[in-house]
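Enquirer: Quick one: the structure is below, questions incoming.
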Amino acid sequence: MPLKNLNPEQLEAATTKFGNNLIIASAGTGKTSTIVARIANLLNSGIKPEQILLLTFTNKASLEMIERVSRYYDKSITSQIMAGTFHSVSYKLLKSHKKIVLKHPKELKVLLNSILEKRDFSLHSSGGGTPYQAAYLYDTYSLYLNRYPAESFAEWLSAKMPEQEDFVDIYEDVLMEFEEQKRLFNYIDFNDLLVEMKDLLSIKSFNFREILVDEYQDTNPLQNALIDSFKSPSLFCVGDYDQSIYGFNGSDINIIGSFTTIYKNSKVFSLNKNYRSSRDILALANRVIEINDRIYPKSLVVTRDGNFPKPRLLIYNELDAQYLAIAKSIQKSKTQIAQIAVIFRNNSSADGIEANLRKLEIGCKRKSGMSFFDSKEIKALLDIVTIMHNHKDMMAFIHILEFARGVGGVFAKDIFDVLFRLGDGDIVKGFLKPLDIKNPFKKKTNFQLGLFDECLEFGSVARFRHLDFEENFFSNPLLKHPKMNEELAKFLYSIYILLKNSHRVSKPSTTLFNVINSPLFIHITNVLARERAKLKDGTIDKKEEKTKRESIQRKALILHKLSTGYKDINRFLNAMLLGSNELSEGEGVNLLSIHASKGLEFEEVYIIDLMDGRFPNRKLMAKGGSLEEERRLFYVATTRAKDILYLSFAKYDQIKKIDYLPSPFLKEAKMI
């Protein structure tokens, strides 16, 4: 039985009497075993399985716990236990009492936008602020719901964002209509699941004798209010104050911090035996986290014996040199590759590691954040190189044309078709040496009228004579199309210039160098940088635009470095285009943000980019974070390691021309 395998602290917690119980379970102390044992104890005590509610942070966690209980009890019993996340449990209970249609936030943002765009904010502005766009208003409203404040949305937003006070009445009116529209069609989102579940509990009881809550430190006020609304006579809440890292998502550390104040006559248990990390790894993690205020005193005991290497600090002169060196270290490691993790604070840190692992032909999988190879800039670079290598690749050409303003997929395909005809099946020839075709816009088969069909009349090339184009490009019939505008003509000319200067180059690194420095890719870089620096009011943050441009440039240079290992363009494209999925999704080294690493453990762990500003992330701290939460993130990251821990930082970024100081956490850990 599960109870037989517990240590004294776990057993005491798992068998405690009914009531309000808080279990402080530090990293690696066996919280899952304790929760499983608690469920077994409830069943042994005569509690019916349908009277047990288990709330977890992920559905995967609840499935694992119920599966472990099922090793000792028949599935006909364990299947009756209500288990899952707050949202999945609410959905299960709600759908049996009312008709609901669960909608993704993206869909509801479209609905909200259709309501918001009808409002005229100019009549209400005193000049001090800019109204929110629909997506941002939706996210702000979601944060309001999860914070569960006593005041109205208008009062809450006015206090939080005084510059929005002119618009709060309009927002409330818009949100009222939004809620009416959702009710009309029975639409609900993830927030509504909790709100409506709480409303249902005001008129109906579900008679759960005990509620077990995992990761209690990451509970937000709305979730906590929902727990109370069940009015269960017994709570079994498991969490760790030192692992509260979801403040940005609405969680409130004060919920676990004030447990004994809110719930009178409650008991607090502490699991203090660590079964995961070596003595030196745990000592390092504790040296740092103990600097934070201690709400619940604890003293962890190491249970693992053996000779394990001490945590090591790796110092590099340059940022990219760090990524390559770590990839080489992993290549030489004797640890099973699936048991190695590279953990980072910011998703951008993973790009260099991912690319260098690919260069060394080391598989990896990236969880959280977009893969290096899935980013728009890398896809664009590879699409351009593909066109230069394969002159018939329609999809690569269409993807490139989508960076031209006002050119959608249909328009892009028609441009491709014209160039294909002009080049007799070769679009590069269609650009550089077009055939003399009377009407290249006419399609061979005309079942229905399309963009380039016979109904279109030729336009005059003279309208573009003021532009600084080569004469050979002016002679291209493509410019005669009446829908051709000046901006698109310039974009096509940038492709023409690149193809003219580089189409005979075969070496991958030279090809990429030419592409990266071409007006075409500079245009694409500017488009992406502006898009990513756009504020909620539609204006561009110039400082952020510069940062995004540098980030794009860094990725481009990483790809260029990768290309130096290949002599043949075809082999390079195959490795990048076909190998990227294996790299990002297959077996291999685990690339994880700290948030994605939560709850996992690995024999060998690298925590990278430990520079002040990047970790702790000063930018996020300025937007409402705190050094204490960054320190908790460091604690979570270090306690993922079982046997081997490497901490690394670089002194200089050659692209941004920035000197870095080491993270203060390295000083607190007594590593420097």
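The values are calculated or read from the model by the stated rules, or taken from the named source; none is laboratory data. Bear in mind the structure is a predicted one, so any value in this text is a computation, not a measurement. Here Cβ is always computed from backbone atoms with ideal geometry, including for glycine, and neighbour counts include all displayed protein chains. Calculation scope for accessible area: heavy atoms of the full protein, side chains included, ligands and nucleic acids excluded. Shrake-Rupley method; radii C 1.70, N 1.55, O 1.52, S 1.80 Å.
Enquirer: Can you tell me which residues in region 535-545 are touching a helix residue (DSSP H, G or I) at 6+ places or on another chain (Cβ under 8 Å), open to solvent by 40 Å² or more (accessible area, probe 1.4 Å) and at pLDDT 85 or above? Steps first, please.
Expert: First pass over region 535-545, keeping only residues touching a helix residue (DSSP H, G or I) at 6+ places or on another chain (Cβ under 8 Å): 536, 540, 544-545.
The next check asks that each one be open to solvent by 40 Å² or more (accessible area, probe 1.4 Å); those that pass are 536, 540, 544.
Within region 535-545, ILE540, GLU544 qualify.
Enquirer: Would it be correct to say that ASP252 is touching a residue at least 12 places away in the same chain (Cβ under 8 Å) and open to solvent by 40 Å² or more (accessible area, probe 1.4 Å)?
Expert: Yes.
Enquirer: State all residues of region 132-154 that are open to solvent by 80 Å² or more (accessible area, probe 1.4 Å) and without any contact (Cβ under 8 Å) to a residue 12 or more places away in the chain; if no residue qualifies, say none. If you could, list the steps in order and put the result at the bottom.
Expert: Restricting attention to region 132-154, the residues satisfying the condition of being open to solvent by 80 Å² or more (accessible area, probe 1.4 Å) are 133, 136, 147-148, 150.
The answer is ALA150, and nothing else.
Enquirer: Next question. Would you confirm, using the coordinates I've provided, whether ASP612 is open to solvent by 40 Å² or more (accessible area, probe 1.4 Å) and out of contact with any helix residue (DSSP H, G or I) (no Cβ under 8 Å at 6 or more places or on another chain)? So that I can check it myself, show each step before the final result.
Expert: Values: open to solvent by 40 Å² or more (accessible area, probe 1.4 Å): yes; out of contact with any helix residue (DSSP H, G or I) (no Cβ under 8 Å at 6 or more places or on another chain): no.
No: the conditions fail for ASP612.
Enquirer: Among the residues of region 108-116, is any touching a strand residue (DSSP E or B) at 6+ places or on another chain (Cβ under 9 Å) and under 26 Å from GLU155 (Cβ atoms)?
Expert: The initial filter retains those residues of region 108-116 that are touching a strand residue (DSSP E or B) at 6+ places or on another chain (Cβ under 9 Å), namely 108, 111.
Then keep just the ones that are under 26 Å from GLU155 (Cβ atoms); that gives 108, 111.
Within region 108-116, one or more residues are touching a strand residue (DSSP E or B) at 6+ places or on another chain (Cβ under 9 Å) and under 26 Å from GLU155 (Cβ atoms).
Enquirer: Further question: Which one of the conditions (1) open to solvent by 10 Å² or more (accessible area, probe 1.4 Å); (2) touching a Pro at 6+ places or on another chain (Cβ under 9 Å); (3) modelled with pLDDT of 90 or more does PHE634 fail to meet, given that it meets all the rest?
Expert: Result: PHE634 passes all but (1).
Enquirer: Taking region 621-646, which residues are of a type outside the set (D, E, K, R) and farther than 15 Å from SER593 by Cα?
Expert: Scanning region 621-646 gives MET621, ALA622, GLY624, GLY625, SER626, LEU627, ILE644, LEU645, TYR646.
Enquirer: Let me confirm something: among ILE337, ILE330, ILE362, ILE387, which residue is open to solvent by 60 Å² or more (accessible area, probe 1.4 Å), of a type in the set (A, V, I, L, M, F, W, C) and out of contact with any His (no Cβ under 7 Å at 6 or more places or on another chain)?
Expert: ILE337
Enquirer: Tell me the residue from THR260, THR219 that is buried (at least 20 other Cβ atoms within 10 Å of the Cβ), in contact with a strand residue (DSSP E or B) (Cβ under 9 Å, 6 or more places away or on another chain) and not basic (Lys, Arg), please.
Expert: Just one listed residue meets the conditions, THR219.
Enquirer: Another question, if that's okay. What do you reckon, is GLN181 in contact with a Leu (Cβ under 7 Å, 6 or more places away or on another chain), part of a helix (DSSP H, G or I), of a type in the set (S, T, N, Q) and open to solvent by less than 20 Å² (accessible area, probe 1.4 Å)?
Expert: On the way: in contact with a Leu (Cβ under 7 Å, 6 or more places away or on another chain): yes; part of a helix (DSSP H, G or I): yes; of a type in the set (S, T, N, Q): yes; open to solvent by less than 20 Å² (accessible area, probe 1.4 Å): no.
When the stated conditions are applied, GLN181 does not pass them.
Enquirer: Next up: In region 17-41, what residues are over 38 Å from the mean Cα position of the chain (by Cα) and over 26 Å from ASN220 (Cα atoms)?
Expert: Scanning region 17-41 gives LYS17, ASN41.
Enquirer: Still on this structure: Hey, can you tell me all the residues within region 292-316 that are open to solvent by 90 Å² or more (accessible area, probe 1.4 Å) and either hydrophobic (A, V, I, L, M, F, W, C) or in contact with a strand residue (DSSP E or B) (Cβ under 6 Å, 6 or more places away or on another chain) (or both)?
Expert: Once the filter is applied, which keeps residues that are open to solvent by 90 Å² or more (accessible area, probe 1.4 Å) and either hydrophobic (A, V, I, L, M, F, W, C) or in contact with a strand residue (DSSP E or B) (Cβ under 6 Å, 6 or more places away or on another chain) (or both), region 292-316 yields only ARG312.
Enquirer: Right, something else. Any residue in region 109-117 that is among the charged types (D, E, K, R), surrounded by 12 or more Cβ atoms within 10 Å (Cβ to Cβ), out of contact with any Pro (no Cβ under 6 Å at 6 or more places or on another chain) and not in a loop (DSSP other than H, G, I, E, B)?
Expert: yes
Enquirer: Which of the numbered conditions does ILE100 fail, given that it passes all the others? Conditions: (1) farther than 28 Å from ARG276 by Cβ; (2) among the aliphatic types (A, V, I, L, M); (3) over 34 Å from the mean Cα position of the chain (by Cα).
Expert: For ILE100, the exception is condition (3).
Enquirer: All but one of (1) part of a helix (DSSP H, G or I); (2) at pLDDT 90 or above hold for ASP166; which doesn't?
Expert: ASP166 satisfies all of (1) part of a helix (DSSP H, G or I); (2) at pLDDT 90 or above except (2).
Enquirer: Looking at region 302-331 only, could you name the residues that are of a type in the set (Lys, Arg) and modelled with pLDDT of 95 or more?
Expert: LYS310, ARG312, LYS328
Enquirer: Tell me which residues, restricted to region 271-291, are open to solvent by 10 Å² or more (accessible area, probe 1.4 Å) and modelled with pLDDT of 90 or more.
Expert: Restricting attention to region 271-291, the residues satisfying the condition of being open to solvent by 10 Å² or more (accessible area, probe 1.4 Å) are 272-273, 275-276, 279-280, 283, 286-287, 290-291.
Matches in region 271-291: LYS273, TYR275, ARG276, ARG279, ASP280, ALA283, ASN286, ARG287, GLU290, ILE291.
Enquirer: Next question, about the same structure. Which of the numbered conditions does GLN448 fail, given that it passes all the others? Conditions: (1) open to solvent by less than 30 Å² (accessible area, probe 1.4 Å); (2) at pLDDT below 85; (3) in a loop (DSSP other than H, G, I, E, B).
Expert: For GLN448, the failing item is (1).
Enquirer: Quick test of your reading of the structure: LEU562 fulfils all but one of (1) modelled with pLDDT under 90; (2) in contact with a Lys or Arg (Cβ under 9 Å, 6 or more places away or on another chain); (3) farther than 27 Å from LEU324 by Cα. Name the failing condition by number.
Expert: Of the numbered conditions (1) modelled with pLDDT under 90; (2) in contact with a Lys or Arg (Cβ under 9 Å, 6 or more places away or on another chain); (3) farther than 27 Å from LEU324 by Cα, the odd one out for LEU562 is (3).
Enquirer: Going by the conditions given, is LEU201 crowded, with 19+ Cβ neighbours inside 10 Å and of a type in the set (A, V, I, L, M, F, W, C)? Full working, then the answer.
Expert: On the way: crowded, with 19+ Cβ neighbours inside 10 Å: no; of a type in the set (A, V, I, L, M, F, W, C): yes.
No; evaluated as a whole, the condition is false for this residue.
Enquirer: Go through region 265-292 and give me each residue that's over 20 Å from GLY30 (Cβ atoms) and in contact (Cβ under 8 Å) with a residue 24 or more places away in the chain.
Expert: Correct list: ASN265, SER266, ASP280, LEU284, ARG287, VAL288, ILE291, ASN292.
Enquirer: Look through region 519-534, keep the residues that are without any contact (Cβ under 8 Å) to a residue 40 or more places away in the chain and not β-branched (Val, Ile, Thr), and return whichever of them is surrounded by the fewest Cβ atoms within 10 Å (Cβ to Cβ).
Expert: GLU531
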